[in-house]
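Colleague: First, the structure itself, so that you have it in front of you.
The values are calculated or read from the model by the stated rules, or taken from the named source; none is laboratory data. Quantities reported herein were computed from a predicted structural model and do not represent experimental measurements. Note: ideal-geometry Cβ built from the backbone for every residue, glycine included; neighbour counts use all protein chains shown. These area figures cover heavy atoms from the full protein model, side chains too; ligands, DNA and RNA do not enter into them. Shrake-Rupley method; radii C 1.70, N 1.55, O 1.52, S 1.80 Å.
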Amino acid sequence: MSLRTGGGGSTTATFSGTVSVVTWNIQFGIRADEAAAALRSHGALHGADIVLLQEMDEAGASLIADQVGLHYVFAAGSVHPKSGRDFGNAVLSPWPLSRAAIVDLPHKSAVQGQPRIVVRATVAVGPHRIDACSVHTEVPTLSGPKRLEQFAAIASATESWDPDLLVIGGDFNTLTRRGIAAVDKRMAAIGAVRASTGAGTTLRRGGREFALDHVFARGLAPLDTGVVKGLDASDHRPLWVQ
């Protein structure tokens, strides 16, 4: 498992005084081209300062970076047995990225034996430095206590990072309100609040709606948030926060 970086970034990025974040689980990274088109053209997604992706391989992360004009940091925790593709996370931005790192989460999938990771990069957004983390925790087939340990590992790893501005976003696989509350509580302990509160659900399955994806922030005040429906690039809906 290694970090890979690339992309050209934007030569025209200007700081508007706000920071826009998009997190999106792109199912197995298969429709990366459609995701890139949405990130380029959809009003709520276009021009994001920080893009956090999950279920990616490097080819997909590189394609999106090239087509949207972004730098990227990518790492895979494993190869997924269903897709045969790398299964990892990425941080992308039109702004320069530095201090890339991987946080290994405890416990492997109870079904497939896969590990999960967090990918981190420091994003130089205008005059500010923001630590950005792309998260993908295990599904609820992993026991509740072990999932709580994954949440705790994310919080513990990010608590003392410098700079103090912090964005943690991704797929937390929270099927219930109780699960969301557990993540909220652990992140609150490091001063990070759920900036995506009220955004809406990010996955529809079996006729039910679930809020699996979240964005937490420290040192940044949430202004607005939402999800984008009707896109075909993934089973998840992209979640955005300003």
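Colleague: What does the charge add up to near Gln67, with Lys and Arg as +1, Asp and Glu as -1, over the other residues with Cβ less than 14 Å from its Cβ?
Modeller: So the environment of Gln67 carries a net charge of -1.
Colleague: Cβ neighbours within 10 Å, averaged per peptide: list 149-160, 95-106, 198-209 in order, most packed at the top.
Modeller: 149-160, 95-106, 198-209
Colleague: If you filter region 39-94 for trypsin sites (Lys or Arg not before Pro), then keep DSSP loop positions with at most 10 other Cβ within 10 Å, what is left?
Modeller: Lys82
Colleague: Relative contact order for the chain: what is it in percent, counting Cα pairs under 8 Å that are at least 6 residues apart?
Modeller: 20 percent
Colleague: Go ahead and run the numbers for FRET between Val79 and Asp224, Cβ-Cβ distance against an R0 of 45 Å, rounding to 0.05.
Modeller: My answer for the efficiency is 0.75.
Colleague: For Cα Rg over 2.2 N^0.38 Å, the listed values are [x] 0.90; [y] 0.95; [z] 1.11; which was obtained by calculation from the structure presented?
Modeller: Only one option fits the structure, namely [x].
Colleague: Accessible area of Ser134, 1.4 Å probe, to the nearest 10 Å²?
Modeller: Counting only protein heavy atoms, the figure is 0 Å².
Colleague: Summing +1 for each Lys or Arg and -1 for each Asp or Glu, what net charge is found among the other residues whose Cβ lies under 12 Å from the Cβ of Asp131?
Modeller: So the surrounding residues net to +1.
Colleague: At Gln112 and Ala152, where each label point lies 7 Å from the Cα along Cα→Cβ, what is the point-to-point distance in nanometres?
Modeller: For Gln112 paired with Ala152, the spin-label model returns 2.6 nm.
Colleague: When the accessible area of region 144-242 is split by element with a 1.4 Å probe, what percent falls to carbon and sulfur?
Modeller: Exposed carbon and sulfur together represent 51 percent of the surface.
Colleague: Can you give the accessible area per residue of region 65-200, in Å², using a 1.4 Å probe?
Modeller: 40 Å²
Colleague: Using the Cα centre as the reference, give the magnitude of the dipole from point charges on the C-beta atoms of the chain (Lys, Arg: +1; Asp, Glu: -1; all else neutral), rounded to the nearest 20 debye.
Modeller: Computed charge dipole of the chain: roughly 620 debye.
Colleague: Add +1 for every Lys or Arg and -1 for every Asp or Glu among the other residues with Cβ under 14 Å from the Cβ of Arg177, and state the total.
Modeller: +2
Colleague: How high is the relative contact order of region 110-204, in percent, with contacts defined as C-alpha pairs under 8 Å that are six or more residues apart?
Modeller: 27 percent
Colleague: In debye, nearest 20: dipole of region 87-166 around its Cα centre with unit charges on the Cβ of K, R (+) and D, E (-)?
Modeller: Dipole about the Cα centre, nearest 20: 220 debye.
Colleague: I'd like to compare 236-242, 189-195, 52-58: which one has the highest average count of other Cβ atoms within 10 Å, and what's the full order after that?
Modeller: So the peptides 236-242, 189-195, 52-58, ranked by packing, come out 52-58, 236-242, 189-195.
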